[in-house]
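Trainee: Just passing along the structure, written as structure tokens.
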Amino acid sequence: MFPEIRMRRLRGSENIRALVRETRLSVDDLIYPLFVVHGRRVREPISSMPGQFRFSVDELLKEVKESYGLGVKGVMLFGVPKVKDELGSEAYSDDGIVQQAIKALKDAMPDLVVIADVCLCEYTSHGHCGVIRNGDVDNDETLELIGKTAVSLARSGADVVAPSGMMDGQVKAIREALDDEGFKETVIMSYSAKYASCFYGPFREAAESAPAFGDRRSYQMDPPNLREAILEIQLDIQEGADIVMVKPALPYLDVIRAAKDRFLRPIAAYNVSGEYAMIRAAGRLGWLDEERAIMEVLTGIKRAGADLILTYFAKEVARKLGRMA
Ligand code: PBG
């Protein structure tokens, strides 16, 4: 007890603090999500995500060369298609925009880990994550299109496919479709516990993917639920997920921790667009020290148990970690 025990002894200098520090953010943990559009020389700012852009493939290459040069080993790609239709056909077209981007990235940087989001919402005219029947997304009909999408992305060279549509059985459908086509080594990172969150708002502007009617509550998870998240993750692992994800990150740190304590698969956490926008906005208003806020938030996500962190801050964090090293 006090006065023999003094907790402040180990806080007296930066060097002693460094020696006893429990959690360290590393550039190795980071995945950089990016939006890709048709065209050339396009680098279009996303107004609700200051500092983020929609890139044409040529500009995407420049951006990823830079982030890869800073040590960010993985990127996650989202496509904004030329045309949207009822069945989201560009998602599984071999010359879809993401398919083109994957080929270009893997040609230029064969060792880069390219992760492709697998979902239909960016590609459907109605903005939902699957086939609409009687005003709702039909689960089983959607599975076939999701499987086709994953195969098309793997054929283009994606190392990892990441289903984000929250359809039941989607991991199993993708694993079977990939294996049937010989893509046995393609990794599945499943958005296993994806909540129906308001924090995707800026993303939906970026990807032009807001649902035209209703919302996503009949397939994404109800935010108050934790036990259900555990079951979702368990089912995905049984279906063949190699990496499981919790999304968003900040309001769900307890879910990340529970997943880390229970499962032996790597846990990814997605620090989503709204979490990014909050820090950017407060930083711009001078209400927060942006750089410190970013480091504190991402370190917190890691401390909660995340092995991988998807974040739009990846590039600047990599730069900062490089300066600290
Ligand atoms: C596609 C998808 C979404 C996000 C990732 N994949 C949007 C959504 O479900 O509406 C959100 C990512 C972010 O907000 O940064 N289904």
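Trainee: Checking the structure you have, find out if any residue of segment 221-232 is within 16 Å of the ligand (Cβ to nearest atom), open to solvent by less than 70 Å² (accessible area, probe 1.4 Å), farther than 22 Å from VAL187 by Cα and not in a helix (DSSP H, G or I).
Mentor: yes
Trainee: Within segment 286-314, track down each residue that is assigned to a loop (DSSP other than H, G, I, E, B), out of contact with any Leu (no Cβ under 8 Å at 6 or more places or on another chain) and closer than 21 Å to ILE267 by Cβ.
Mentor: Passing the criteria: GLY305, ALA306, ASP307, TYR312.
Trainee: Which condition number in (1) at positive phi; (2) touching a helix residue (DSSP H, G or I) at 6+ places or on another chain (Cβ under 7 Å) is the one that ILE279 fails?
Mentor: (1)
Trainee: While we're looking at this one, here's another question. Give the residue that is farthest from the ligand (Cβ to nearest atom), with candidates limited to residues of segment 268-294 that are open to solvent by 30 Å² or more (accessible area, probe 1.4 Å) and either over 19 Å from VAL27 (Cα atoms) or among the aliphatic types (A, V, I, L, M) (or both).
Mentor: Taking the candidates together, the pick is GLY286.
Trainee: Within segment 10-18, does at least one residue satisfy the condition of being under 18 Å from ALA108 (Cβ atoms) and either modelled with pLDDT of 95 or more or open to solvent by 30 Å² or more (accessible area, probe 1.4 Å) (or both)?
Mentor: No, that holds for no residue.
Trainee: Among the residues that make up segment 59-72, is at least one of them more than 23 Å from the chain's Cα centre (by Cα) and open to solvent by 90 Å² or more (accessible area, probe 1.4 Å)?
Mentor: Checking segment 59-72: not a single residue is more than 23 Å from the chain's Cα centre (by Cα) and open to solvent by 90 Å² or more (accessible area, probe 1.4 Å).
Trainee: In segment 233-250, how many are open to solvent by 10 Å² or more (accessible area, probe 1.4 Å) and either of a type in the set (D, E, K, R) or in a helix (DSSP H, G or I) (or both)?
Mentor: 9
Trainee: Please go through segment 187-213 and pick out each residue that is out of contact with any Phe, Trp or Tyr (no Cβ under 7 Å at 6 or more places or on another chain), assigned to a helix (DSSP H, G or I) and either more than 7 Å from the ligand (Cβ to nearest atom) or of a type in the set (Ser, Thr, Tyr) (or both).
Mentor: CYS198, TYR200, GLY201, GLU205
Trainee: How do the pairs read when you match residues in segment 299-325 that are touching a residue at least 60 places away in the same chain (Cβ under 8 Å) with residues anywhere that are surrounded by fewer than 16 Cβ atoms within 10 Å (Cβ to Cβ) and in a strand (DSSP E or B), using Cβ under 9 Å and keeping only pairs 6 or more apart or on different chains?
Mentor: Nothing qualifies.
Trainee: State whether the residues of segment 112-125 include one that is part of a helix (DSSP H, G or I), buried (at least 17 other Cβ atoms within 10 Å of the Cβ), more than 16 Å from the ligand (Cβ to nearest atom) and of a type in the set (A, V, I, L, M).
Mentor: Step one: list which residues in segment 112-125 are part of a helix (DSSP H, G or I), which gives none.
There is no residue in segment 112-125 that is part of a helix (DSSP H, G or I), buried (at least 17 other Cβ atoms within 10 Å of the Cβ), more than 16 Å from the ligand (Cβ to nearest atom) and of a type in the set (A, V, I, L, M).
Trainee: Here is a follow-up. Scan segment 160-172 and report the pairs whose first residue is closer than 20 Å to VAL75 by Cβ and whose second residue is hydrophobic (A, V, I, L, M, F, W, C) and open to solvent by 10 Å² or more (accessible area, probe 1.4 Å), with Cβ atoms within less than 6 Å and a gap of 6+ or a chain change.
Mentor: What qualifies is VAL160/VAL187.
Trainee: For segment 251-258, does any single residue satisfy the condition of being within 15 Å of the ligand (Cβ to nearest atom) and either in a loop (DSSP other than H, G, I, E, B) or under 19 Å from the mean Cα position of the chain (by Cα) (or both)?
Mentor: Checked segment 251-258: at least one residue is within 15 Å of the ligand (Cβ to nearest atom) and either in a loop (DSSP other than H, G, I, E, B) or under 19 Å from the mean Cα position of the chain (by Cα) (or both).
Trainee: Suppose we keep only residues that are on the phi > 0 side of the Ramachandran plot and away from the ligand (no atom under 15 Å from the Cβ) within segment 145-186. Which one would you say is most open to solvent (accessible area, probe 1.4 Å)? Reasoning before the result, please.
Mentor: Start the filter on segment 145-186 by keeping residues that are on the phi > 0 side of the Ramachandran plot, which leaves 157, 166, 169, 182.
Applying the additional criterion that residues be away from the ligand (no atom under 15 Å from the Cβ) yields 157, 169, 182.
Details: GLY157: 25, GLY169: 23, GLY182: 54 Å².
Only one residue tops the list, namely GLY182.
Trainee: Could you tell me whether any residue of segment 249-264 is closer than 14 Å to TYR195 by Cα, touching a strand residue (DSSP E or B) at 6+ places or on another chain (Cβ under 6 Å), touching a residue at least 60 places away in the same chain (Cβ under 8 Å) and among the β-branched types (Val, Ile, Thr)?
Mentor: Yes; the residues of segment 249-264 include at least one that is closer than 14 Å to TYR195 by Cα, touching a strand residue (DSSP E or B) at 6+ places or on another chain (Cβ under 6 Å), touching a residue at least 60 places away in the same chain (Cβ under 8 Å) and among the β-branched types (Val, Ile, Thr).
Trainee: Do we have any residue at all in segment 184-200 that's among the polar types (S, T, N, Q) and within 23 Å of ALA277 (Cα to Cα)?
Mentor: Yes, segment 184-200 contains a residue that is among the polar types (S, T, N, Q) and within 23 Å of ALA277 (Cα to Cα).
Trainee: Of everything in segment 267-298, what is under 26 Å from GLU232 (Cβ atoms) and without any contact (Cβ under 8 Å) to a residue 60 or more places away in the chain? Give them in sequence order.
Mentor: ILE267, ALA269, ASN271, MET278, VAL297
The values are calculated or read from the model by the stated rules, or taken from the named source; none is laboratory data. Keep in mind that what you see is a predicted model, and the values were worked out from it rather than measured. Don't worry about glycine lacking a Cβ; one is built from the backbone with ideal geometry, like all the others, and counts go over all protein chains shown. The protein model used for the area step is the full one, side chains on, heavy atoms only, and it has no ligands, DNA or RNA in it. Shrake-Rupley method; radii C 1.70, N 1.55, O 1.52, S 1.80 Å.
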